[in-house]
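Here the structure is laid out as structure tokens; the discussion comes afterwards.
The values are calculated or read from the model by the stated rules, or taken from the named source; none is laboratory data. Fair warning: this is a prediction, and the values are worked out from it, not measured in the lab. Methodologically, a virtual Cβ is constructed for each residue, glycine included, from the backbone with ideal geometry; neighbour enumeration extends over all protein chains shown.
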Amino acid sequence: MPELNLVLLGPPGSGKGTQGERLNEDLRLPYYATGDILRAAVRDQTELGRTAKGFMDSGDLVPDEVIVGVIAERIDSSEALDGFILDGFPRTTPQAEALDAKLEELGRSVGAVLLIDVDDGEVIRRLGGRRTCAEGGHVFHVDFNPPERDGVCDIDGSELIVRDDDKPEVIRKRLDTYHDKTEPLIDYYDQRSVLRRIQGDAPPDEVAEEIRRTLATMRLEQDEAV
Ligand code: AMP
């Protein structure tokens, strides 16, 4: 099978993480979620974490030069030779350009960008009710996926918390940042003919099915083009 370099694009709370983890299992490609990488760095109090924390807590993006290095290193690793799944990166035009430059250096390119489309109202409903396990990062939702016991993770019994960046004023800020900085990437990738739109306001199984069909169609088109 040819390599698959995949980018998941969409607003916060669009389900990129949920779908990314499924794709990671289905496609057996490494899954790099910059939000998860940065949260782990904050937890471990590394230099990266110390740099990123303030930006993250206020709903801002960490500077491009900080995050580009983190991703470039992973893409250039042996585990990513057959491809990778990126979630949360790129988020700005300079990041997309840096990704293209890095891939070009490796003789590769972005194969597909899946835009998971969800409107602002749905994002606010989803993120406002999200509860995250303090230890393992397991995710619940007060309405859509409640834990068996209020405030307690079903999986490891840890406390469930509201992530600092899931607080209402920060959600609004993250959405503004998305529209302002990340949305221009829709055009960027559309012009390069790699953008595919996925309806993100359906249940996770249906979104996963649409992604599966989209990737299968893309493969057929690529086979025909050879
Ligand atoms: P996420 O979990 O993807 O919503 O990411 C959480 C936070 O991490 C974001 O609100 C940003 O502060 C930061 N972050 C994640 N990915 C990036 C990126 N590619 N560029 C800049 N900041 C990022």
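Quick rundown of the values:
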| read-out | value |
| --- | --- |
| Those residues of the range 15-57 which are under 22 Å from ASP176 (Cβ atoms), out of contact with any helix residue (DSSP H, G or I) (no Cβ under 7 Å at 6 or more places or on another chain) and not hydrophobic (A, V, I, L, M, F, W, C), in sequence order | LYS16, GLY17, GLY35, ARG39, GLY54 |
| Strands (runs of 3 or more DSSP E) enclosed by the range 100-206 - at least 3 residues per element that are at pLDDT 95 or above and in contact with a helix residue (DSSP H, G or I) (Cβ under 8 Å, 6 or more places away or on another chain) | 112-117, 195-199 |
| Tally, over the range 98-113, of residues that are touching a residue at least 24 places away in the same chain (Cβ under 8 Å) and either away from the ligand (no atom under 15 Å from the Cβ) or of a type outside the set (A, V, I, L, M, F, W, C) (or both) | 7 |
| Near pairs, Cβ below 8 angstrom, 6+ apart or cross-chain, from the range 52-71 (closer than 23 Å to LYS167 by Cα and in contact (Cβ under 8 Å) with a residue 12 or more places away in the chain) to any residue that is small (Gly, Ala, Ser) and surrounded by 14 or more Cβ atoms within 10 Å (Cβ to Cβ) | ALA52/ALA41; VAL62/ALA52 |
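Here is a yes/no grid of residues against (1) closer than 24 Å to ARG22 by Cα; (2) among the acidic types (Asp, Glu); (3) surrounded by 14 or more Cβ atoms within 10 Å (Cβ to Cβ):
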| residue | (1), (2), (3) |
| --- | --- |
| GLY59 | no, no, yes |
| ASP76 | yes, yes, no |
| LEU86 | yes, no, yes |
| GLN95 | no, no, yes |
| LEU114 | yes, no, yes |
| GLY129 | yes, no, yes |
| ASN145 | yes, no, no |
| ASP150 | no, yes, no |
